[in-house]
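The values are calculated or read from the model by the stated rules, or taken from the named source; none is laboratory data. This structure is a prediction, so every number in the text was calculated from the model and none was measured. Glycine also receives a Cβ, built like all others from the backbone with ideal geometry; neighbour counts cover every protein chain displayed. These accessible areas exclude ligands, DNA and RNA; they are computed on the full protein's heavy atoms, side chains included. Shrake-Rupley method; radii C 1.70, N 1.55, O 1.52, S 1.80 Å.
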Amino acid sequence: MSKFDKIRPYYDSEVNHALRELAHHPMMKAMMNFAYPNVEDSVWKEHLLRTYSIRDFQINFAYQAIKKILEKTSDGLTTSGFEKLEPHTAYFFISNHRDIILDTSLLNVCLFDHDLIMTASAIGDNLVKKDFLLKLSKLNRNFLVQRGLPPRELLQSSKLLSEYMYHLVSRENRSVWIAQREGRTKDGNDATHQGVLKMIAMANDEADVMDFFKKIKLVPVSISYEYDPTDALKMPQLMAEANDEIYIKDKNEDFITLLSGIIGQKKRIHIHVGDVLNHEIDQIKATNDNNNKQIQALAQAIDDSILQSYQLWPTNFIAYDLLHQTSTYSCKYTEKEKQLFERRLELRINADDIKQKESFLAMYANPVINKLKYQTIETN
């Protein structure tokens, strides 16, 4: 028994047993038929039952499924920054969060393609309440973030999670991925929640917490989708917040969002990995001796990296111009691209509802506004 058993992914010794339980599940059949459309069920099942490690499952099955998703629902994935990372080295990746499954899955595809260590990745236990999804997540080296706990249990759970992530990086030489905030960004404003950093720091074994963050090799990651396949699904929550109402999720909302993210059209996708934040951490340590101010400065350093490296698409500039009733960035898109975006808006929301339309446009326009804080964007 390990103290991490409640939240950890499978050990390799548990993988084959889990796969035998899942091999005949209709969701597994659907996933495999999608990833391997021209392969008989008996062939992939035989291969699946001869799989005994997470790595084999990820490379031979999950990797192929993600590649097929990219082929069918996107216009391609581009990357930058991966060449700066060292092989055989564990990093602590912290990224903006747009899609429940794809953010971390796409990062791992890129890490594998660059011969780098793939991640163990955080996932909220509210997203894997169905037994099939829980087992699949554990096969994909996901570890659980426990949600909805009372304060005392939440504190204990956060400490356990922090210790487990530190254990992965320091003892197992396993990279870790976590989102910069709890839940996906709904309004396009990517911001690191200080609570996430404070939770990570619960495992601190250094005199100065900045030395701990330096030791785990913190790397910001920026991911951007030209089209957010779940944009319309985010509207009810955005509308509730705009009206100062409490938003309550529908029973299957997370599952529907998860599936929509996978099968919805995304057009182009870009992932950028920033530099390890060693220099920034040294600066923070030199200029702040207050723990809270250090955490605040670190959150800002992560935001600076993510927002500056965020890949802007024609959809972002179109939304900005429509929202502000201007043609400032008309050189960044074609008339056809604008018409397609306006058509998407009309199909996915009630375009006659001004507040709803503004929230939808802001979701795409805010990354432009955020980038302008750091640099001038050419307008010709």
Can you say whether D254 is modelled with pLDDT of 95 or more, closer than 20 Å to R98 by Cβ and among the charged types (D, E, K, R), as far as the supplied structure shows? no
With β-branched (V, I, T) and touching a His at 6+ places or on another chain (Cβ under 8 Å) as the only criterion, which of T78, T104 stands out? T78
Based on this model, can you work out whether I281 counts as closer than 24 Å to E71 by Cα and of a type in the set (V, I, T)? no
Which residue pairs have Cβ atoms closer than 7 Å, lie 6 or more positions apart in sequence or on different chains, and pair a first residue in the range 343-358 that is touching a residue at least 40 places away in the same chain (Cβ under 8 Å) with a second residue that is outside any helix (DSSP H, G or I)? R348/D231; Q356/I349; Q356/N350
For Q325, state whether it is open to solvent by 50 Å² or more (accessible area, probe 1.4 Å) and closer than 22 Å to V196 by Cβ. no
Of these, H88, H97, which one is closer than 18 Å to T230 by Cα and not in a helix (DSSP H, G or I)? H97
Given the conditions (1) closer than 17 Å to T78 by Cβ; (2) open to solvent by less than 20 Å² (accessible area, probe 1.4 Å); (3) hydroxyl-bearing (S, T, Y), which single one is not true for S105? (2)
Could you look through the range 350-368, keep only residues that are open to solvent by less than 90 Å² (accessible area, probe 1.4 Å) and among the hydrophobic types (A, V, I, L, M, F, W, C), and pick out the one that is modelled with the lowest pLDDT? A351
Just to be sure, is L307 surrounded by 19 or more Cβ atoms within 10 Å (Cβ to Cβ), touching a strand residue (DSSP E or B) at 6+ places or on another chain (Cβ under 8 Å), in contact (Cβ under 8 Å) with a residue 60 or more places away in the chain and not in a helix (DSSP H, G or I)? no
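Matching residues to (1) surrounded by fewer than 18 Cβ atoms within 10 Å (Cβ to Cβ); (2) modelled with pLDDT under 95:
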residue: F61; (1), (2): no, yes
residue: I69; (1), (2): no, yes
residue: K72; (1), (2): yes, yes
residue: S80; (1), (2): yes, no
residue: K84; (1), (2): yes, no
residue: F92; (1), (2): no, no
residue: D99; (1), (2): no, yes
residue: V109; (1), (2): no, no
residue: H114; (1), (2): yes, no
Checked the range 328-380 for anything assigned to a loop (DSSP other than H, G, I, E, B) and among the hydrophobic types (A, V, I, L, M, F, W, C); matches are I349, A351, I377
Kindly provide the set of residues from the range 197-249 that are polar (S, T, N, Q), open to solvent by 10 Å² or more (accessible area, probe 1.4 Å) and at pLDDT 90 or above, ordered by number. N204
With the checklist (1) open to solvent by less than 80 Å² (accessible area, probe 1.4 Å); (2) of a type in the set (A, V, I, L, M, F, W, C); (3) over 22 Å from the mean Cα position of the chain (by Cα) in hand, flag the one item L347 doesn't pass. (1)
Please verify whether L298 is outside any helix (DSSP H, G or I) and at pLDDT 95 or above, treating the condition exactly as stated. no
In the range 19-42, residue nearest to K130 (Cα to Cα) [restricted to those that are of a type in the set (D, E) and open to solvent by 70 Å² or more (accessible area, probe 1.4 Å)]: E21
Taking the residues in the range 182-196 that are open to solvent by less than 50 Å² (accessible area, probe 1.4 Å) and charged (D, E, K, R) as candidates, determine which candidate is modelled with the highest pLDDT. D190
Does the range 117-131 contain any residue that is touching a Lys or Arg at 6+ places or on another chain (Cβ under 9 Å), of a type in the set (S, T, Y) and more than 17 Å from V169 (Cβ to Cβ)? no
